[in-house]
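First up is the structure itself, then whatever we jot down about it.
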């Protein structure tokens, strides 16, 4: 097959590696508009078992990635000055650039060509896309392929209200932590976790009204960093917040009713976005790649394969996407929720998507469950809880 992939993120890279491994005769080129060493953000986070999906289909990749991951067994919620460690919630993280560099080397060793600093802006680009059996749109949440063909894909896009900015810091945290602090302007939340022995991601999120009250609309990038450092001074312990051309953004909740048309198909964030609060974006992208590879391997024609790809991948992906959207709406109410006592607040976080009930909270962290039950004795009676 002649395959052309637009976008050199985890989705496109991993799909290319699977196809080339399956058949070295495939003619595969990836067009990436950025430079080889360019990346936004700092680290990416997975649930502790997120890489398990690789073991059945790509043991070699699993073995390559696993030693590079920073791992920890717990989650920490900080409600102003109250720290609540929560057990049974393991995570793993890796630097985004480290992950991409590994994937670059992996696909190039297989014989895939990556053209960096290469902007493909039209499906009519005959020089680069002409004659392709399959064109893969793996060019992220702002995908022009999707945006220019919304009717064909049945695109639904909802730009959410909260503002967030993706920073890093040299403070190394011992767990994935969610720190919520009341300020005169409203509640600030930091999503922070280490992704290397010397660095952590430090993503700051605020409600839109808080963002306006703090004056961020007219604040310079340098003053924005200083403001956030003051808010989270206790958490940073004197370490600086580091910017990588960081800017305030709003999360686009994107869905497509149809995932392909003709020989064009979407994967990764171009296909759908999952809010960063559930740590599944990169995993979903790689699972998309696996599903598309399997569909092509098992079906004689591209059209049959693309239909099968959506049929097989839709049910598990939709569950995570729905949970992610419920989670992002929880953050849009964090100012109101911060009025809860710390234990009730942490419990609300744990149960926010509806996928974790009280029995599951008890299984993961009996201390949190017991503390919540102490605040709500009616719960014990309603469920006949003892001990």
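Rule-based calculations on the coordinates, nothing more; no lab input. For clarity, every value in this text was computed on a predicted model and none was experimentally measured. All Cβ positions, even for glycine, are placed from backbone atoms using ideal geometry, and neighbour counts span all protein chains on display.
Numbers below:
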item: Angle in degrees between helix 302-331 and the longest Cα principal axis of the chain, rounded to the nearest 10; result: 20
item: Separation of alpha-carbon centers, region 7-81 and region 200-226, rounded to whole Å; result: 29
item: Sequence of 245, 20 once ranked by neighbouring C-beta atoms within 10 Å, starting from the fewest; result: 245, 20
item: With Cα atoms, 0 to 90° folded angle of helix 221-231 axis to the chain main axis; result: 40
item: Value of [θ]222 nm, deg cm²/dmol, for the chain, DSSP H segments ≥ 4, -39500 (n - 2.57) each, nearest 500; result: -12000 deg cm²/dmol
item: From the coordinates shown, Rg and Dmax of the Cα atoms in Å corresponds to which of [x] 21.9, 71; [y] 20.0, 69; [z] 19.1, 55; result: [x]
item: For 199, 286, order by how many other beta-carbon atoms lie within 10 Å, fewest first; result: 199, 286
item: Packing-based ranking, highest mean first, of 257-267, 69-79 given that Cβ atoms within 10 Å are counted; result: 257-267, 69-79
item: Estimated FRET transfer efficiency (residue 126, residue 220; beta-carbon r; R0 35 Å; 0.05); result: 0.20
item: The chain: angle of helix 281-298 to the longest principal axis, Cα-based, in degrees nearest 10; result: 30
item: Relative contact order computed over the chain (Cα-Cα under 8 Å; 6+ residues apart), in percent; result: 20
item: DSSP-defined beta bridges in the chain - what % are antiparallel, rounded to 5; result: 70
